[in-house]
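*Asks:* Below is the structure I would like to discuss, written out as structure tokens.
All of the numbers you see were taken from the coordinates with simple rules; none came from a lab. Please read these numbers as outputs of a predicted model, since none were measured by experiment. Cβ coordinates were reconstructed from backbone atoms using ideal geometry, including for glycine residues, and neighbour counts include every protein chain displayed.
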Amino acid sequence: MLLSENPDTKRNHGLLTPVRLKSEDAAGLTDLLACAVRRAQGEHLVMAEYSSGHGVYGSSQRPPTKAQRDAHEHARESFTKVAMKLLPLILRRWRSDEAVAGPLIETTRHLKLEHYSLKHKEADFEELMNCVVDVFLQHHSRRVLDACVSAMHYAVTEGFDSLREIGNRCRDTVFLEVTKRLHTAVGGARAGSEKDSKSCAKQEPPLTDDDDDEGHHFQIRAGLTRLNALVSLLPPPSSDDTSFTIHDAYIDLTSIIKDAVHGVSGAGVRSISLAARASSLLLVHRMIELVDRGKLSDVEVDEQLSVRDAFLSNAATLAREAVYLHPHSRIFPKAIIAAVVNLVVYYQRSHLSNVSVDESPEQGAGLVAQLDLCPAESAVRTVWDTCNHLIDVPGDNSVEDHHVDEDVSGDQEVAMMAYCLATCDVAITSHRFIAAELLANRGRSGQWADRAIAALLIDLKHLGPHATGKTITTSLTSAFEEVIMGDAGNAAELEEAFAKLADHLSSMFVVGNQRDRVVVRCIIEEGLKFVVPSAAPDPTRLPFLSFGLASFIPKLAATDARLLLEPLNQVVAAIHEEDELYAPLLEFVNRISARARGASSHSGSVGRVGNAHSMLPKKRRTADKEALERFCHAASDAQNEAAENERKKDTKNACYAFESSYIRNCCVDRSASI
């Protein structure tokens, strides 16, 4: 039906009238064909809902049986035999219709390429790939471009050497044509802007037509879309024998970014975003090529470092100015952050490669060490602030009556970028403020942020309990400093929000888990170092114990609590305990003491009388020795009386005697202290 000019007929007054297949019907048929081919290979077209894990599906699919694998293989061979003959014909027939061409090209990755080599049909395969190249250069929709690049990637990586050579030639042709078109469009747009600026300086009407200017920017956007689709899967050609190289394309991309930095770019938001992403991926491909080649030179490394550092500087500037340049766009800052994340993540590949030079392996290791990407703290701070701004889901009033280019709710892409930045910050830097600030978003930035935080904690636990404890303590201390520096009128709300943050972080740990036990102990130890930086505690940081660390005491093991009592008693002995300023410290010590006895942290003032008396302030214990002795004797008599009454099974009198003596001696102790 897709090949026939008159595939269908209808009866009109007893006569058969030919009816041409419409584009909508052809698109429906090709979509059905693509789904049928995928289903015949065992793919599940409708996936289950996402689970609470890290991007895995809730219901795991069973592996296919041998009979199913044989059926899938037979279906693949049957489709290959038919598609080898008909697929190029259908593509030539419908290549101008992207709704039909896209699903057709998606089926090429299910072809069994061995049939082309075994039957000596390399010419047919080259014809098919030429059709794919023509469709790629003719359209610029996302589905068609991704399908074409996937087909070329399948041809380059699968099959025999003869078919790979055909795929590489098609890849080089596409790269060359796309970069040439982009260079022409960028040059035309720059020439038009220069003419307009000169005419404005002479107070003359503009010399260029608006339609021509819009046409150049449309060609730039289409060229950048094609280039991004290519570099997402395929490396650029490494040979320099062509008339137009990838380095020239990178210069065009850099010019677009620099114009945006200086505020003189006529390109739109999407064009600048695509240029930043393509530049980042080209730098990644270049670094991978240098490392995988096995030998390096000083000139190549210096050139790569200069280009990379210049791009990072421009990206940091764009990230800082994103709020002012395009305040209602989320695509623009996301693209800048993604570009930086790509560089930071992929540049760690150099640690896994063996690179040498002609002189010595040590020199090769030194050159690889120079390729390590450890951005400056100011640049990382700028990029992270932009990412953190995207993580915070705005309210309904913040986007009302404004045009936004996509949904403003928290999304998976931003959470993944935040996770990558936090992981790299922990792994390759020493400040670790990204991971700490990402943890502060738990419970208030959507489910994707919570999943990213859960994945980050798993990675931190692999680094050791001290890494996890320091990161969580840094998150709490930074939030506490914001509470201290906040407005005094909103102090209660800030303290409540800080306590809620501590509760969210403590809820991630389980009491019975041995690894969590060590992490909680490290958190409390690091928190005490923050409150007691020297021999005496900092009075301004004492509320940190009540609002921050108190939530972690129930997760603390009794053994660890007993180990903390001795240094805490030394701190208590060095302060003026009658001062109400130190009340949070005394309350925290009481809770630790209760936890050391195995009780919950909220019952620190309830327990045996002897233990309660041992936690009394030092000056009160020594104010009147006689009153304290009467207190101890009375408590002992009350306990003996209660035991005697218990033996006589007089529970009512025993409880009354113990209660009355406890209240009476508490009054004695209060009068003695006064």
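*Asks:* How many nm separate the modelled label positions at Asp503 and Arg164, each set 7 Å beyond the Cα in the direction of the Cβ?
*Replies:* Going by the 7 Å Cα→Cβ label model, 6.0 nm.
*Asks:* Right, next: Can you tell me the FRET efficiency between Tyr324 and Gln138 if r is taken as the Cβ-Cβ distance and R0 is 51 Å, rounded to the nearest 0.05?
*Replies:* 0.85
*Asks:* Need one number: nm distance between label points at Ser23 and Thr540, each 7 Å from Cα along Cα→Cβ, rounded to one decimal.
*Replies:* 6.8 nm
*Asks:* For Leu565 and Met485, FRET efficiency with R0 = 41 Å and r from the beta-carbon atoms, rounded to 0.05?
*Replies:* Given R0 = 41 Å and the Cβ-Cβ separation, E is 0.80.
*Asks:* Spelling out what I want: for every residue of the range 82-96, take phi, set θ = phi - 60°, compute 6.51 cos²θ - 1.76 cosθ + 1.60 (Karplus), and round to whole Hz; glycine and proline get x.
*Replies:* My calculation for the range 82-96 gives 6, 6, 4, 9, 9, 4, x, 5, 5, 5, 5, 6, 10, 5, 7 Hz in order.
*Asks:* Provide the net charge surrounding Lys112, with neighbours chosen by a C-beta distance below 10 Å and charges set as Lys +1, Arg +1, Asp -1, Glu -1.
*Replies:* Local charge sum for Lys112: -2.
*Asks:* Among the listed pairs Lys85/Lys112; Lys258/Lys295; Lys85/Lys119; Lys334/Lys470, which have their C-alpha atoms separated by more than 23 angstrom in this model?
*Replies:* On the way: Lys85/Lys112 13 Å; Lys258/Lys295 32 Å; Lys85/Lys119 13 Å; Lys334/Lys470 29 Å.
Where the Cα-Cα span goes over 23 Å, the pairs concerned are Lys258/Lys295; Lys334/Lys470.
*Asks:* Calculate the spin-label point distance for Leu463 paired with Phe218, positioning each point 7 Å from the Cα along the beta-carbon direction, and give it in nanometres.
*Replies:* Here the answer is 5.0 nm between the modelled labels.
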